[in-house]
1. Please verify whether region B:27-43 includes one or more residues that are in a loop (DSSP other than H, G, I, E, B), within 7 Å of chain A (Cβ to nearest Cβ) and crowded, with 22+ Cβ neighbours inside 10 Å.
2. For region A:19-40, state whether one or more residues are more than 17 Å from the chain's Cα centre (by Cα), of a type in the set (A, V, I, L, M) and at pLDDT 50 or above.
3. Within region B:127-139, can one find any residue that is modelled with pLDDT of 85 or more, in contact with a Gly (Cβ under 8 Å, 6 or more places away or on another chain), assigned to a loop (DSSP other than H, G, I, E, B) and farther than 25 Å from A:A126 by Cβ?
4. Would you kindly identify the helices (runs of 4 or more DSSP H) lying entirely within region A:158-206 that contain at least 2 residues that are in contact (Cβ under 8 Å) with a residue 60 or more places away in the chain?
5. So B:K205 clears everything in (1) exposed (fewer than 13 other Cβ atoms within 10 Å of the Cβ); (2) basic (K, R); (3) closer than 18 Å to B:H30 by Cβ except one condition, right? Which one?
6. Starting from residues that are in a helix (DSSP H, G or I) and more than 8 Å from chain B (Cβ to nearest Cβ), keep the ones in region A:43-62 and report whichever is surrounded by the most Cβ atoms within 10 Å (Cβ to Cβ).
7. Any chance you could count how many residues in region A:97-123 are more than 7 Å from chain B (Cβ to nearest Cβ), at pLDDT below 85 and surrounded by fewer than 18 Cβ atoms within 10 Å (Cβ to Cβ)?
8. Take the residues in region B:165-207 that are of a type in the set (G, A, S) and either under 15 Å from B:I134 (Cα atoms) or touching a Ser or Thr at 6+ places or on another chain (Cβ under 9 Å) (or both), then tell me which one is modelled with the lowest pLDDT.
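The values are calculated or read from the model by the stated rules, or taken from the named source; none is laboratory data. Nothing here was measured: the structure is a model prediction, and the numbers come from that model. Using ideal geometry, Cβ is built from the backbone for each residue, glycine included, and neighbour counts are taken over all protein chains shown.
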Amino acid sequence: MEDNNASPPNSDGGKSDKNGWTAPTGRRTDEWSETLVLIGAGEDRAAFSRLFRHFAPLIKAFALSGSALSASHADELVQEVMLKIWQKASAFDPEKAAASTWVYTIARNCRTDMFRRLQKFDTPLATEDFSPDMEHEEPFMQLQTRRSAHRIQELMRDLPPEQTQILAKVYMEGKSHAEAAAELDLPLGTVKSRVRLAIQKLQVQFEQTRDDVI
Amino acid sequence: MIKHHPTIDILTEHAAGTLPLAQSACVAAHMNYCESCARSVGQLQQVGAALFCAADPEPVGDAMLERVLARLDEEPPLSYANGARVGDDPTPALLQRLMRGDFSELSWKKVTESLRTSLIRTGDPQFEFSFLHIAAGGEIPVHDHRGAEMTLILEGGFSDQSGSYHQGDFIYREPGNVHAPRAFEGEDCICLAVIDQPIRFTGWKYRWMNPFMRLQAG
């Protein structure tokens with residue numbers, strides 16, 4: 001994908017322009033992927049501070065969403081997530097995941113673990129044990145993964161408000177379908193079908209032989 | 001060929017982190033066998049990420065940045081390799097973690113001639129999480145589920161009036177389902193079962209056991 005604004009190649013063969021940085025393989029990455037790679041490769045504190053300034057306010061909003069956590073727990077969560085990002089950055093592979101999905105997944109796992117700790121679960125399991133292992137994805141599938149992230153962000157803008165609202169309850173506030181139904185005073189079936197319709201509009205793919213494909 | 005998968009609702013709740021711990025473990029174990037569901041959950045996570053990035057940010061002061069920078073030299077906690085198989089054992093690493101061994105090292109409790117169970121502690125106070133071992137050709141006596149039940153086939157398989165289930169298949173039964181699974185001939189069946197109410201035997205032969213069937217959640 002050639003870009004007229006591309007500047008001369010960097011010493012590593014990549015090219016920078018106003019939209020991001022193109023790796024020598026021709027794959028375009030975003031600013032935050034580049035930042036995570038810098039943190040992972042060189043423990044770059046300046047890069048980390050930049051990442052912090054962008055993501056910490058989003059993590060805090062996520063923590064406070066639905067008012068399930070106090071302000072002090074929310075602050076604790078922000079610190080925990082940012083530390084985990086620092087510790088795990090060397091495992092971040094820009095071929096395999098978008099920076100935003102990677103950060104969100106860590107935030108989600110930390111919040112779920114915090115909810116369980118606060119409910120005094122005594123468990124040998126951490127939520128990160130439950131994420132799908134995408135390590136062995138072939139390059140074609142990795143490309144599909146990057147494309148789907150992009151597509152989902154674009155399509156999100158066109159969702160009707162009641163579908164965005166229900167997705168926010170489930171993802172941002174961390175409510176189960178049943179809890180969302182109780183809070184919105186809707187039948188459980190309505191909540192489930194709104195979630196499914198939203199997911200269908202976002203073109204999330206499911207195994208075609210299943211019997212509950214929309 | 002895996003034919004039975006978690007529903008879209010269950011996958012969405014799993015991707016959002018809102019499934020109870022024991023149920024999440026069962027869904028995650030299914031994804032070890034099923035790339036298609038792993039991919040779906042990956043995309044469902046991207047939905048979460050899109051919402052996360054679009055949220056109105058909350059102000060975070062520089063004091064917090066300073067605090068975090070001061071902690072960067074802390075030792076990271078130990079963690080197990082995520083999802084990685086340990087050795088050649090096809091048992092999902094997650095389950096190996098819970099079991100700390102292979103199936104032969106579990107302590108099994110006999111329920112009937114054909115059925116043995118092994119309770120696993122997950123820490124989830126609401127759900128009982130067990131391995132079931134059904135002898136080849138053997139049957140779990142007819143029972144109903146007053147609560148919901150998730151089952152994942154790990155070895156062998158069974159059939160009941162709703163279908164035939166093999167390794168990697170994920171089955172979700174609503175409350176009120178009555179069935180009597182029978183393991184395939186020639187192969188013992190091992191599966192994972194997650195329930196939030198004790199099962200109730202409905203046939204005359206085993207009904208006497210019901211008062212003693214307490215849910216062992218935790």
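1. For region B:27-43, residues in a loop (DSSP other than H, G, I, E, B), within 7 Å of chain A (Cβ to nearest Cβ) and crowded, with 22+ Cβ neighbours inside 10 Å: absent.
2. Yes: region A:19-40 contains one or more residues that are more than 17 Å from the chain's Cα centre (by Cα), of a type in the set (A, V, I, L, M) and at pLDDT 50 or above.
3. Yes, region B:127-139 contains a residue that is modelled with pLDDT of 85 or more, in contact with a Gly (Cβ under 8 Å, 6 or more places away or on another chain), assigned to a loop (DSSP other than H, G, I, E, B) and farther than 25 Å from A:A126 by Cβ.
4. The helices (runs of 4 or more DSSP H) meeting that bar number zero.
5. Single failed check for B:K205: (3).
6. So the residue we want is A:I59.
7. Qualifying residue count, region A:97-123: 2.
8. Once the filter is applied, the top-ranked residue is B:A180.
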